[in-house]
Amino acid sequence: MLINIENIYIQKLKALSINGIQTDILRLDLVHPVISGNKWFKLKYYLEEAIEQNAGCLASFGGAYSNHIVALACAGYEKGIATKGFIRGDEATPLSPTLLEAKQYGMEMVFVDRTAYRDKDAIMQLYHQPGTYWIPEGGYGKLGAKGAGDILSTADTSGYDYIICATGTGTMLSGLVQAAQDNQHILGISVLKNHNSLMSEVASLNYSNKDMAFSSIQGYDFGGYAKHTQSLIDFMNELWLSDQLPTDFVYTAKLCYGVRDLIQTNQILPGSRLLLIHSGGLQGNRSFAPGRLLF
Ligand SMILES: *Cc1c(COP(=O)(O)O)cnc(C)c1O
């Protein structure tokens, strides 16, 4: 097995256990050095359905640094199903480390210019072949949410008052909302700037008919998706020094930074127990110059 969910555990986080609040983090990043923990969970039920349908090829979409694309390539490799990635933008030589990795797992790639990339339906029509199973970009969809819901069964997550994750499409957040206990508050820290449609997107992925009570928090995007500042990098190094916690600059660093700020500005009740989700994504740090991060 390439992926090992037995490696997942809950780590105490000293740097964020302040102001009378206990903060722990669920280490999904440990399932694989390159495959994002959450992308693996989001793919789970798509794979199940593809196998049921005897699919001969798994196809999806993503950018040159997409955690989803490399997770899909790995999943296909592991299940013995061909994979095809429709990649936004022209082929850059050399390929990004992410795409190189996907290629090593046998993914076939089709590069699509940015304008054409926006019209996924047209791409699907043009490239559909019998036996192709299409997975939405980023794993966004009810099956993706359902898979993400299983994240909470990987460890004993029952005693926490808050469960907090980073949100891109909101698929993981939606799954956590539906899998959590009624007394748990679920917060999503958005890594996209002004992602105003997030609430309705999360709610639309309701696979369980449960009440969708959660909060989405904006303002910790550091300028938008994959944008970052030196203070975010400094914070990542601080977390490494205090807790040996590696984070990625796109998702989990912003999550931890946001949570620390919420605690410091008294937006979380003292005495609360917080569980953050370390969703992985560390492979994205390979776009940094060596030495910028201490890990
Ligand atoms: C994709 C991703 C997320 C966001 O997940 P969504 O379900 O799209 O909100 C968070 N963390 C990491 C590491 C990811 O790769």
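The values are calculated or read from the model by the stated rules, or taken from the named source; none is laboratory data. Please read these numbers as outputs of a predicted model, since none were measured by experiment. When we count neighbours, we look across all protein chains shown, and the Cβ atoms used for this are built from the backbone with ideal geometry, even at glycine. The accessibility values were calculated without ligands, DNA or RNA, using every heavy atom of the protein model including side chains. Shrake-Rupley method; radii C 1.70, N 1.55, O 1.52, S 1.80 Å.
Here the sum of -39500 (n - 2.57) over DSSP H runs of 4 or more residues, divided by the residues of the chain, equals -10000 deg cm²/dmol at 222 nm, to the nearest 500.
Taking 16 Å as the straight-line reach from the Cα of residue 120, the lysines in range (excluding those fewer than 8 positions away in the same chain) are 84. Counted residue by residue at 0.36 nm each, then reduced by the alpha carbon distance between them, the extension gain from residue 4 to residue 289 reaches 99.7 nm. For segment 187-248, the Cβ-based charge dipole about the Cα centre amounts to some 220 debye (Lys, Arg positive; Asp, Glu negative; other atoms uncharged). Straight Cα distances below 27 angstrom link residue 254 to the lysines 12, 14, 39, 42, 44, 142, 146, 193, 227, with same-chain residues fewer than 8 positions distant left out.
Using the Cβ of residue 226 as centre and a radius below 14 Å, the other residues enclosed give a net charge of +3, where K and R count +1 and D and E count -1. Note that the chain presents 44 Å² accessible area per residue, ligands and nucleic acids not counted, probe 1.4 Å. Given R0 = 51 Å, the distance between the Cβ atoms of residue 15 and residue 127 translates into a calculated FRET efficiency of 0.65.
Within segment 211-295, report the trypsin sites (Lys or Arg not before Pro) that DSSP leaves as loop and that have at most 13 other Cβ atoms within 10 Å. Loop-located and lightly packed - 292.
Under 19 Å of direct C-alpha separation, and excluding same-chain neighbours fewer than eight residues apart, residue 210 reaches these aspartates and glutamates: 150, 161, 182, 201.
With a Förster radius of 45 Å applied to the beta-carbon distance between residue 155 and residue 115, the computed FRET efficiency rounds to 0.55. Gyration tensor analysis over the Cα atoms of the chain returns equivalent ellipsoid semi-axes of 31, 22, 18 Å (largest first, whole Å). Shown for the chain: the carbon plus sulfur share of the solvent-accessible area, taken with all protein chains present and a 1.4 angstrom probe, equals 50%.
Across segment 1-108, Cα pairs under 8 Å and at least six residues apart give a relative contact order of 21 percent. For segment 138-224, the ratio of Cα radius of gyration to the globular rule of thumb 2.2 N^0.38 Å stands at 1.01. Extension gain for the segment residue 230 to residue 266, taken as residue separation times 0.36 nm less the Cα-Cα distance, is 10.4 nm to one decimal.
Of the two radii for segment 22-175, the radius of gyration is 0.99 times the Kirkwood radius, both from the alpha carbons; that is the Rg over Rh value. What distance in nm separates the two pseudo spin-label positions at residue 218 and residue 241, each 7 Å out from Cα along the beta-carbon direction? Each label point lies 7 Å from its Cα, and together they span 3.5 nm.
Loop-located GluC sites (Glu not before Pro) in segment 58-121 (DSSP state not H, G, I, E or B) with no more than 15 neighbouring Cβ atoms inside 10 Å: 91. Considering only 18, 81, 189, the mean-square fluctuation computed in a Gaussian network model of the chain, springs between alpha carbons under 10 angstrom, is largest for 18. Among 234, 248, 29, which one shows the highest mean-square fluctuation when the chain is modelled as a Gaussian network with alpha-carbon springs under 10 Å? Between 234, 248, 29, it is 234 that shows the largest mean-square fluctuation.
Of all the options 245, 262, 176, the one that moves most in a Gaussian network model of the chain with Cα springs shorter than 10 angstrom is 262.
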